[in-house]
Amino acid sequence: FWCCCFNNNHSKKKKKKDKQRTTSKTVKKTVKNENEKKAKKMVRVLMVAEKPSIAEAIANNLCPDGGFASKRQGRAVPIYEYHGRFQGHAADFVVTSTTGHVFSADFHSKYNNWDAVDPLELFTAQTVQKEAGNARIVPHLQDAARGCEHVVLWLDCDREGENICFEVLGVIRSSGIT
């Protein structure tokens, strides 16, 4: 004796399960396509050294397969570019430099006459930040950073290098790059 029971509720569950599988496959395909797009997308990496000779050495030594980085003149110093890999992704590298400090700190002009100023006043006097030496370095760094998603700083491991790091990061952030 055979008894066959048709449970409509079971059928609905099966349809729901099939729909979930289809949806799951669609989601997996979408995620896979997005991951492929991300993998194909080139990241742009800005590398900043403390002086132009170091930027050139970095670019030529890190350029893959013993190649040479292309060189172009930026607003203030040369910019070297090459293709490589960064954190597992294809990347375009932009390597440039500062020429030492980006900014200098000075006292307001009323304190310039050291004979007329009480030295104790200097302890509480406001300082003024000015672009140091090469006045084109700020727009140069802003131009070089345009479109970059990562920043690598190649500066000396001392207080001065750390100060230059923060100056460079400040310039890059002021141009709207996070």
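The values are calculated or read from the model by the stated rules, or taken from the named source; none is laboratory data. What you see is a predicted model; the values in this text were computed from it and never measured. Cβ: placed from backbone, ideal geometry, glycine included. Neighbour counts: every protein chain shown. For accessibility, only protein heavy atoms count, side chains too; no ligands or nucleic acids. Shrake-Rupley method; radii C 1.70, N 1.55, O 1.52, S 1.80 Å.
Please report, ordered by residue number, the strands (runs of 3 or more DSSP E) entirely within the stretch 56-106 with at least 2 residues that are in contact (Cβ under 8 Å) with a residue 60 or more places away in the chain and surrounded by 13 or more Cβ atoms within 10 Å (Cβ to Cβ).
Filter on the stretch 56-106 gives 78-86.
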Take the residues in the stretch 117-137 that are touching a helix residue (DSSP H, G or I) at 6+ places or on another chain (Cβ under 9 Å) and part of a helix (DSSP H, G or I), then tell me which one is least open to solvent (accessible area, probe 1.4 Å).
Ile137
Tell me yes or no: at least one residue of the stretch 108-129 is of a type outside the set (Asp, Glu) and in contact with a Leu (Cβ under 6 Å, 6 or more places away or on another chain).
no
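Is there a residue in the stretch 114-129 that is under 17 Å from Ala55 (Cα atoms), at pLDDT 80 or above and among the aliphatic types (A, V, I, L, M)?
Checked the stretch 114-129: no residue is under 17 Å from Ala55 (Cα atoms), at pLDDT 80 or above and among the aliphatic types (A, V, I, L, M).
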